[in-house]
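First up is the structure itself, then whatever we jot down about it.
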Amino acid sequence: MREVRASWRTKSLAVAATLMIAALPLIVPSQSRAQTGIEAFESQKLAPQQVIDIRIGRWDPVQETYSDWPAVGGAYPISASGTVTLPIVGTLTVAGTTPDDLAMQISDQLQVGIGLRGNVEVVVNIAEFAPIYVLGDVRAPGVYPHAPQLTVLQALSLAGGIDGPGTSFVQGESSALNALGNYRVRELELLRRLATLSRLQAEEAETEMTPPEELTASSLGAELIAEERRIMAARQSAFSSSLAQIDDLDVLLRERIARLNAQAELREKQLGLLEGELRDAASLVERGLSTTSRQSALQRQVTDQQVRLLEVETARLNAEQRLNEARRDRLDLVNERSRELVQGLQDQRAAIGELRLRMETDAALFADATRTGTGLVQLSALVAPQLQITRQGPEGPITFPVGRGDFIQGGDVLEVVLDVPSPNDAIPVRRLSEPATSSPSVEAAPSADPKTALDQAESVKKGLPPS
């Protein structure tokens, strides 16, 4: 912060700036240095997005007092066009000028414009600088406050530093163990599914289980086969029990229907006899040989037999309906079991195929890991970050490379680009340990072929050296 005192001070600052620039080390190419110039001191110039603080005071020689004039003073932002609007003074173009120059301009405007007498002292300070923007391969890209003489390296520290690849482990013994562990877990799952598949095939064919040789050769095969046989026996017992219950119900319903048919025949015979007696009684009544009471009694008996016959026929219909439902339940039970077996076979075959593919992948990873060994690769040491600044110039934005020691101005956009080596680049690996030739897992470099690597991984699992 500086006050407007005399022009010699401005000149001395310019001379000091020239001397400091000559003493700065050459960090970036000459083109970058020519473009950046004296950023350490140009950062003191006024620019858009800054906030300036203005203090105005007047010395009255008659009263011999100094009075502050807050009507014009205060904090004012500089617009995007580089102007600032002050009370009484009006709008001033301030971009590119120094705080001292603006202070003298405001003082002249107040003295000449409104005719103030006495010394008018104006102090202009930069309260807030325009922010800087950091993006690219940094840990925390974003907007950060700017300060005078802020270097590119300091801006990078505000953004958390360069976010590039560092030291990385290459595949080694730990990766081999991980691949082998995954292989063993999937192998156990494969054996379980092979046992289940064998049981489902036996249930579908209604025969005994015939496990595959891959399952019987395993140490866990006998246990898994016995477990699936117990499951098969339990399922067959439950299915047979359900069918037996439905068959028993079918027999009972058919017997009930037969008896109801017999009852209906008897009722029909009784009804026929009563209807014959009723016709005879009616004939006798017409000839005056019998009373109407006899005819009425026979009529009631005929009606009662008709009701009883209707009840028997209704019971027979209900029994036939229940018989049809029982037969439908039996058919549904058989069809549901068939659908379950078919779906189970499809699921097991798909799962077994997927497991075999994953096991081949694990075997290939195991082979690759044992061949690679254990080491460290220094990725960050192979590449250097590219630093460039985009700055708003008079004719538009310009972009130029910078070094870590260059100064950055408010409103600049700092971009960090870190080139990562491509997969085809030769990356040096610093070995931590050489593969032990006596270890079964790394005795020989396993084949990259998945099938061969699968056999080698299985041999290692069994404690045998790879073929």
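Skipping prolines and chain starts, which residues have an amide H placed within reach, meaning under 5 Å, of the one on T97, given they are 5 or more residues away or on another chain?
For T97, the qualifying residues are L46.
Distance between the C-alpha centers of region 80-155 and region 191-243? Whole Å please.
86 Å
Count charges around D68 for me, please; just the other residues with Cβ under 9 Å from its Cβ, Lys/Arg as +1, Asp/Glu as -1.
Details: positive: R55, R58; negative: none.
Summing Lys and Arg as +1 and Asp and Glu as -1 gives +2.
Which value in nm describes the separation of the simple spin-label points at Q49 and L310, placed 7 Å from the Cα toward the beta carbon?
With each label placed 7 Å out from Cα toward Cβ, I get 9.9 nm.
Evaluate E = 1/(1 + (r/R0)^6) for Q245 and E208, where r is the Cβ-Cβ distance and R0 equals 30 Å; express this FRET efficiency to the nearest 0.05.
Numbers: r = 26 Å, r/R0 = 0.86.
The calculated FRET efficiency here is 0.70.
Of the accessible area of region 258-349, with the probe set at 1.4 angstrom, what percent is carbon plus sulfur?
Within region 258-349, the accessible surface is 48 percent carbon and sulfur.
Report the paramagnetic label zone for R356: residues of region 208-237 whose backbone N is under 17 Å from a point 7 Å from Cα along the Cα-to-Cβ axis.
211-218
Run the quick spin-label model on N119 and D329: label points 7 Å from Cα toward the beta carbon, then report their separation in nm to one decimal.
With each label placed 7 Å out from Cα toward Cβ, I get 11.5 nm.
If I model a spin label as a point 7 Å beyond the Cα along the Cα-Cβ vector, how far apart are those points for R259 and R139 in nm?
9.1 nm
Over region 220-308, average the accessible area per residue using a 1.4 Å probe and give it in Å², no decimals.
Numbers: 5990 Å² over 89 residues.
With all protein chains present, region 220-308 gives 67 Å² per residue.
The values are calculated or read from the model by the stated rules, or taken from the named source; none is laboratory data. Computed from a prediction, not measured in an experiment: that's the story for all the values here. All Cβ positions, glycine included, derive from the backbone under ideal geometry; neighbour counts span all protein chains shown. Remember, those area values only see protein heavy atoms, side chains included, never the ligands or the DNA or RNA. Shrake-Rupley method; radii C 1.70, N 1.55, O 1.52, S 1.80 Å.
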